[in-house]
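Peer 1: The following block contains the structure, expressed as structure tokens.
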Amino acid sequence: MAIYYDYLIVGSGLFGSAYAYLATKKAGKKCLVIDKRPHPGGNLYCENIDGINVHKYGAHIFHTSEKKVWDFVNNIVPFNRFTNRPIAITDDGKIYNLPFNMNTFYQLWGVARPEEALSIIEEQRKDAKNLLLKSGIDEPRNLEEQALLLVGKDIYETLIKEYTEKQWGRSCVKLPPFIIKRLPVRFTFDNNYFNDKYQGIPIGGYNRLISGLLDGSDVKVDCNFFDNRNYWEKIAKNIVFTGKIDEFYEYKFGKLEYRTLRFETEILNHPNYQGNAVVNYSSLKKPFTRIIEHKHFEFFGNEIYDISKTVISREYPSEYKEGLEPFYPINDEKNEMLYQKYKLLADQEEKVIFGGRLAEYKYYDMAPLISKVLSLFS
Ligand code: UDP
């Protein structure tokens, strides 16, 4: 069989699509992108329901401080000015602003000045540090210790502990510290969830970004690499693999664990259900972690009333089983050790590039993925 393509790209999510774009447009290569789902775009894919782009696989908000990344995506499709300002609802119906900022501290303790909030948090951080030092520990070993050192007991118990245990299905003492490190703490009245300079959603939805990235490549959907691996491995000089690394190696060392999400989506005959794109439910008593109201990503102010309906999705986290979508790698010690075994094999491959959340078994936001692909071509 003649080798027809320079690259076979397995998976049309953001990594695969961005790779295809640069390989085609910048390096003049011929790419075939295959995806087992019936549509391209991986978890970025949106379904348009009554004029609203529904983020079918969970909310995606693009944010970065890297100008070259922002310019790259905006060159494919212009982005809007959406700012993520999620709120959290506790079991007693109280509302708190996220990320942890002066609004949250006022809602928790009634303090209005940064100095007052800082002194409460410092006191609680000190308690946590002393407790660790007493046991001879100076670095946090798990998410609970990390959270207590970062924000203290009150915030941890009100807004983190139960939400995190619901999200990950594990106790906070069994989870790695880095998960919580990405949550900002600030002493200003600023509800912007991200610290980044640039943030937004592609105007017209993520499908436009994906189709722009795939322009110039051949694309086949409903096409599972593993159904005909021998054939696919011969069709191109190189493979870019963005699927599960353990599956690529036929699970020879065992299966990596993932967390999955189930979405319950409802169309409501109501223009504005919750007044915000993202509302988190902090308590374990609610089985879902958050409700996304999709129209708020692309309609602002009174524009939301231009469409009389709204679409909401409740997000239920659960343990991954074969046949479900693997969403989050579980980077605890056991899984990390297993991943390292697969990575040793991957590093020896000469014709295969592994990239993205599943192939690198790594929590990735969208922008660092783009950044990584750009660096591969620079
Ligand atoms: N988190 C939390 N309470 C919240 C929101 C987030 O404790 O209301 C923690 C939780 O451990 C979660 C982590 O912060 O796993 C990152 O959450 P984020 O929503 O930023 O990430 P995503 O789940 O969207 O990837």
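All of the numbers you see were taken from the coordinates with simple rules; none came from a lab. Only a predicted model underlies this, so the values are computations on that prediction, with no experimental measurement involved. Positions of Cβ are backbone-derived with ideal geometry, glycine not excepted, and every protein chain shown enters the neighbour counts.
Peer 1: Do any chymotrypsin sites (Phe, Trp or Tyr not before Pro) in the stretch 180-225 lie in a loop, going by DSSP, with at most 14 other beta-carbon atoms within 10 Å of their beta carbon, and if so which?
Peer 2: Here the sparse-neighbourhood loop sites are PHE189.
Peer 1: 5 Å is the cut-off here: which amide hydrogens, built 1.01 Å from N in the peptide plane, fall below it relative to TYR258, excluding neighbours closer than 5 in sequence?
Peer 2: Placed amide hydrogens put TYR320 under 5 Å from TYR258.
Peer 1: State the three equivalent ellipsoid semi-axes of the stretch 26-155, derived from the C-alpha gyration tensor as the square roots of 5 times its eigenvalues, in descending order and whole Å.
Peer 2: Gyration-tensor ellipsoid for the stretch 26-155: 41, 22, 17 Å.
Peer 1: Another question, then. What dipole magnitude, in Debye to the nearest 20, does the stretch 271-350 give about its Cα centre under +1 on Lys/Arg Cβ and -1 on Asp/Glu Cβ?
Peer 2: It comes to approximately 560 debye.
Peer 1: While we're on this one: If you take every DSSP beta bridge whose two residues both sit in the chain, what share of them, in percent to the nearest 5, is antiparallel?
Peer 2: 60 percent
Peer 1: Over the chain, what is the relative contact order in percent, taking alpha-carbon pairs closer than 8 angstrom and at least six residues apart?
Peer 2: Relative contact order comes out at 26 percent.
Peer 1: Still on this structure, please answer the following. Using the Cα gyration tensor of the stretch 131-281, with a ≥ b ≥ c the square roots of its eigenvalues, what is the shape: rounded (a/c below 1.5), prolate (a/b larger than b/c) or oblate (neither)?
Peer 2: Here the stretch 131-281 falls in the oblate category.
Peer 1: Still on this structure, please answer the following. Which of SER308, LEU338, PHE297 sits closest to the plus end of the dipole of the stretch 290-362, meaning its Cα is farthest towards the positive end, when Lys and Arg get +1 and Asp and Glu get -1 on the C-beta?
Peer 2: Among SER308, LEU338, PHE297, the one farthest towards the positive end of the dipole of the stretch 290-362 is SER308.
Peer 1: Rank THR64, ILE121, GLY16 by how far each Cα sits towards the positive end of the charge dipole of the chain (+1 on Lys, Arg Cβ; -1 on Asp, Glu Cβ) and give me just the farthest.
Peer 2: Result: GLY16.
Peer 1: Using the Karplus equation 6.51 cos²θ - 1.76 cosθ + 1.60 (θ = phi - 60°), what ³J(HN,Hα) coupling, rounded to whole Hz, does each residue of the stretch 66-76 give in order, writing x for Gly and Pro?
Peer 2: Coupling constants for the stretch 66-76: 8, 4, 5, 6, 4, 5, 4, 6, 5, 6, 7 Hz.
Peer 1: I want the local charge near LYS295. Using Cβ-Cβ distances under 10 Å, sum +1 for each Lys or Arg and -1 for each Asp or Glu among the other residues.
Peer 2: Charge balance in the 10 Å sphere: -4.
Peer 1: Enumerate the calculated ³J(HN,Hα) couplings along the stretch 15-24 in order (Karplus 6.51 cos²θ - 1.76 cosθ + 1.60, θ = phi - 60°), each rounded to whole Hz, writing x wherever the residue is Gly or Pro.
Peer 2: 4, x, 5, 5, 4, 4, 4, 5, 5, 6
Peer 1: Moving to a separate point now. Go through GLN107, PRO326, LEU209 and say which Cα lies farthest out towards the positive end of the charge dipole of the chain; charges sit on Cβ, +1 for Lys and Arg, -1 for Asp and Glu.
Peer 2: LEU209
Peer 1: Further question: Given N residues in the chain, what is its alpha carbon radius of gyration divided by 2.2 N^0.38 Å?
Peer 2: Ratio of Rg to 2.2 N^0.38 Å for the chain: 1.05.
Peer 1: Please report, in debye to the nearest 20, how large the charge dipole of the chain is about its Cα centre when each Lys and Arg carries +1 at its beta carbon and each Asp and Glu carries -1 there.
Peer 2: Dipole magnitude for the chain comes out near 580 debye.
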